[in-house]
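In what follows, a structure is listed as structure tokens, so that the remarks can point back to it.
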Amino acid sequence: MVEPEGPSGPRGQGLPVSSWELAKMSFGVLRERPRLLVFPLVTALAAVGALLLLVGAAFELFSQPGAFANFSSLLGVVIALGVVAFVVLSVVAALMTGALMGATHAYLNGGTGSVGEGWRLARGRWRALVKWGLVSATVGLAIAAVSNLLFARAWLVGLIFNIAAEVGWAVTTYFIVPVVMFEPWPAIGTSLVRSTRLFVTTFGKTVISNLWATLLLLPGLVVAIVLGVVALLEFAHGALLAAIVLGVSAVVLGAFVVLVADAIDSILTTVLYRYATTGRVARAPPPSIVRVGGPFDRV
């Protein structure tokens, strides 16, 4: 596989950009294409639905007469259902993330960046995305299983292993979805190596631009927490209506911030991937626009 040239190559735009510009570009994409929030929303709704089904199944199983006499076997059934739900959600998340990154990449390269365009691009790579979702779920479950086993024997060893494994896996797979979406899909090991190399190449900008994005999202989260605390205080003082209004506001705002954070994470990853592989940051002009003597003129 021939790798795209980086920021210093002939495809780049020459001047380096700051991490702040990369983070700002990510928020700019979401501001111009707010409907892209539908992708993390679908993932969130799928997670909530899976949780409700799992709780309902557990309640149905344990509410039967003599259920606690077969507690171990019923618990095994619930755990098995939880594993299946986790794997399905991992595949759904991979597909939705791929669609969001596809729409972002298309928009930055002059496309419409619509929900339909993102979904069309993800459908074109659905086999690769499903494979990645299955691998991600398998590794996640393996890390959790080993961590729990070590934690039961020596909690500090289990904790250290869990942190090291989670961080290492996150670093290794940070660019895996863009690699799956926009490059030939080779063996999984090769794709993981490619993702890791891209992370190492952009390490400073990746870390700092993510910090900038977090800081930009922090005010909304703080306001949601403050509203929640005030709602509890109002409830303690007997102001039920005010507590309900403030509580609902806190939940809605908090959910919205989490949704935006999820979308920004995928958009920023795409922006960083594009910068690492082409050197480009600014959005390319749409195909219907050409440069004539300096300004853009429609043709």
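Read the figures in this text as sums done on the coordinates, not as results from a lab. Only a predicted model underlies this, so the values are computations on that prediction, with no experimental measurement involved. Backbone-built Cβ (ideal geometry, glycine too); neighbour counts: all protein chains shown.
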Of the residues 54, 198, 22, which exhibits the maximal mean-square fluctuation in a Gaussian network model of the chain defined by a 10 Å Cα contact cut-off? 54
Using a Gaussian network model of the chain whose springs link C-alpha atoms within less than 10 Å, name the residue from 129, 232, 30 with the highest mean-square fluctuation. 232
Out of 271, 84, 260, a Gaussian network model of the chain with alpha-carbon springs under 10 Å gives the largest mean-square fluctuation to 84
Computed from every Cα-Cα pair in the chain, P(r) in 5 Å bins starting at 0 and rounded to whole percents is 1, 5, 9, 12, 14, 15, 13, 11, 8, 5, 3, 2, 1, 0, 0, 0, 0
Relative contact order, percent, of the chain when contacts are C-alpha pairs under 8 Å separated by at least 6 residues? 29
Top positive-direction residue, dipole computed over the chain with Cβ charges, set 178, 244, 218: 178
Please report, in debye to the nearest 20, how large the charge dipole of segment 19-286 is about its Cα centre when each Lys and Arg carries +1 at its beta carbon and each Asp and Glu carries -1 there. 880
Using a 7 Å offset from the Cα along the Cα-to-Cβ direction at both residue 245 and residue 159, what is the distance between the two label points in nm, to one decimal? 4.4
